[in-house]
Amino acid sequence: MFGKITMKLRDVKDISYNKSSLFHGAIMELLPYEYGKQLHLSQLRPYSIHLEKENDIWSLVVATMNEDAYSIIVEQTLSKLDKIYIKHDDEIVYIDEKIINAVPKKLITRAFYNSETSKVLEIRFITPTAFKSKGDYVFFPDLRLIYQSLMKKFDVSSDDGFLFDPDILDELCRGSKIISYNLRSIYFQLEGVKIPAFTGNIKIKITANQTISNLINMLFEYGKYSGVGIKSSLGMGAIKIIKGGINIE
């Protein structure tokens, strides 16, 4: 089960993408102790959190990638909130509206086998995005790092085997390329550290066969929930599909 709750925030001031980590801390304190401990110990977490702004309204968006996360984080906890206490700022943030969507995982994976997906995708990175490679930050959209991140995150929600495979990753990279981009360099501030990152749009052309095209589209559809790159549980790497993907909602 993939789930997402969008909480529209009331009259928030002095807010930016960087405050996502503060909301993350507030949400973790609301979860049952044992489940929160389990999440803390997990290297790849089955949820993502980010702040986004649309029409001058800020929303806190929390997405989940398996049944337990959806049930505990969304249904049992966040769906019942009308406010969130941010301890760091000693501030109460009120929630005006909540929108909840849930999609069975099989609808995404079924599309891999049954769809004829687009050979051109346009992806928008709506919050600062970056990767780690050989100990360094990478703050431009490298397709190998994007696909690798999405495949590994997908495996977190997998109950029946793993998707990540170096040979498959090579095929995805050989069969696609970035043909245009409109990007902006930006920093994401986290606990006093400025992480170099980027936001903006890229357009990808897929030259491989339909199977590879379906897999790439499926991965980006999943990425709407998981985010891409580092720190997606703290506000980085949120994406939207402008063109392409799989119509399942």
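Annotations for the structure displayed:
- Pairs, first within 25 Å of PRO196 (Cβ to Cβ) in region 112-138, second assigned to a loop (DSSP other than H, G, I, E, B) and among the β-branched types (Val, Ile, Thr), C-beta under 6 Å, six or more apart: ALA130/ILE230; LYS132/ILE230
- Number of residues in region 3-19 that are in a strand (DSSP E or B) and more than 16 Å from ILE95 (Cα to Cα): the value is 1.
- Single residue of LEU215, LEU172, LEU190 found to be buried (at least 19 other Cβ atoms within 10 Å of the Cβ) and either of a type in the set (Val, Ile, Thr) or touching a residue at least 60 places away in the same chain (Cβ under 8 Å) (or both): LEU215
- For first residues located in region 18-32 and under 15 Å from SER59 (Cβ atoms), partners that are in a helix (DSSP H, G or I) and of a type in the set (Val, Ile, Thr) and lie 6+ apart or on another chain with Cβ distances below 8 Å form the pairs ILE27/ILE73.
- Scanning region 20-45 for residues that are part of a loop (DSSP other than H, G, I, E, B), under 21 Å from MET7 (Cα atoms) and of a type outside the set (A, V, I, L, M, F, W, C) turns up PRO32, ARG45.
- Flag set for LEU22, criterion: surrounded by 13 or more Cβ atoms within 10 Å (Cβ to Cβ) and among the hydrophobic types (A, V, I, L, M, F, W, C).
- If you filter region 46-67 down to residues that are of a type outside the set (A, V, I, L, M, F, W, C) and part of a strand (DSSP E or B), you find that the one that is surrounded by the fewest Cβ atoms within 10 Å (Cβ to Cβ) is GLU54.
- For region 83-104, the condition holds for no residue, the condition being that it is under 21 Å from the mean Cα position of the chain (by Cα), assigned to a helix (DSSP H, G or I) and in contact (Cβ under 8 Å) with a residue 40 or more places away in the chain.
- Qualifying residue in region 52-62 (condition: at pLDDT below 95 and among the β-branched types (Val, Ile, Thr)): yes
- When the test is whether a residue is under 18 Å from GLY245 (Cα atoms), surrounded by 14 or more Cβ atoms within 10 Å (Cβ to Cβ) and in the same structural domain as LEU234 (by TED's automatic domain parsing), SER149 passes it.
- LYS119 over 26 Å from ILE15 (Cβ atoms), touching a helix residue (DSSP H, G or I) at 6+ places or on another chain (Cβ under 8 Å) and surrounded by 14 or more Cβ atoms within 10 Å (Cβ to Cβ): yes
- Residue in region 90-106 that is over 30 Å from LYS13 (Cβ atoms) and of a type in the set (Lys, Arg) present: yes
- Residues of region 68-104 that turn out to be charged (D, E, K, R), surrounded by 15 or more Cβ atoms within 10 Å (Cβ to Cβ) and in contact with a strand residue (DSSP E or B) (Cβ under 6 Å, 6 or more places away or on another chain), as a count: 1
The values are calculated or read from the model by the stated rules, or taken from the named source; none is laboratory data. This one's a predicted model, so the numbers in the text were calculated from it and none came from an experiment. Every residue, glycine as well, gets a Cβ built from its backbone with ideal geometry; the counts of neighbours run over all protein chains shown.
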